[in-house]
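First the structure, in the form of structure tokens, and then the observations on it.
The values are calculated or read from the model by the stated rules, or taken from the named source; none is laboratory data. Here the structure is a predicted model, which means the values were calculated and not measured. Neighbour counts run over all protein chains shown; Cβ positions are idealised from the backbone, glycine included.
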Amino acid sequence: MRFWILVAVAGLLQAQTQTPAPAGNAQKGKQLFQNYGCYQCHGREAQGGAGTGPRLAPRPIAFAALAKYVRQPTGQMPPYTSKVVSDQDLADIYVFLQSQAQPPAAKDIPLLNN
């Protein structure tokens, strides 16, 4: 019983510490995603690709985690400081990522089911 109480408290604390994404514009975010060259590694729809950047959409990681990684990446991605990509531009890109449609399930693609 104690375990479940700890899990519930941890969940509440985590929810409180997650900063919601600032308001943004998906159309502007899509244009910025192209202009900053994000598509070169992550694909035009942020779907990722083999040997390039990971999939970012349709369910991106929390905004705070994405912002931290964009500003101080640990992988091959170059850092995009706030002088390069403003916080508002990053918010617009995030809204674009959130706006991407979920791809169809494999069972719903006729060519894959022949």
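Selection of the stretch 72-81 for residues being hydroxyl-bearing (Ser, Thr, Tyr) and modelled with pLDDT of 95 or more yields TYR80, THR81. One residue stands out among those in the stretch 85-111 that are at pLDDT 95 or above and not in a helix (DSSP H, G or I): the one that is surrounded by the most Cβ atoms within 10 Å (Cβ to Cβ), which is VAL85.
Every residue, every condition in (1) of a type outside the set (Ser, Thr, Tyr); (2) at pLDDT 95 or above; (3) loosely packed, with under 15 Cβ neighbours inside 10 Å, yes or no:
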{"residue": "GLN18", "(1), (2), (3)": "yes, no, yes"}
{"residue": "ALA26", "(1), (2), (3)": "yes, yes, no"}
{"residue": "ASN35", "(1), (2), (3)": "yes, yes, yes"}
{"residue": "GLY51", "(1), (2), (3)": "yes, no, yes"}
{"residue": "PRO54", "(1), (2), (3)": "yes, no, yes"}
{"residue": "PRO58", "(1), (2), (3)": "yes, no, no"}
{"residue": "PHE63", "(1), (2), (3)": "yes, yes, no"}
{"residue": "VAL70", "(1), (2), (3)": "yes, yes, no"}
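Residues of the stretch 40-84 that are polar (S, T, N, Q), part of a loop (DSSP other than H, G, I, E, B) and closer than 19 Å to GLN27 by Cα: GLN47 alone. When ALA57, ALA50 are checked against the criterion of being under 19 Å from PRO103 (Cα atoms), touching a helix residue (DSSP H, G or I) at 6+ places or on another chain (Cβ under 7 Å) and of a type outside the set (Ser, Thr, Tyr), ALA57 stands alone in meeting it.
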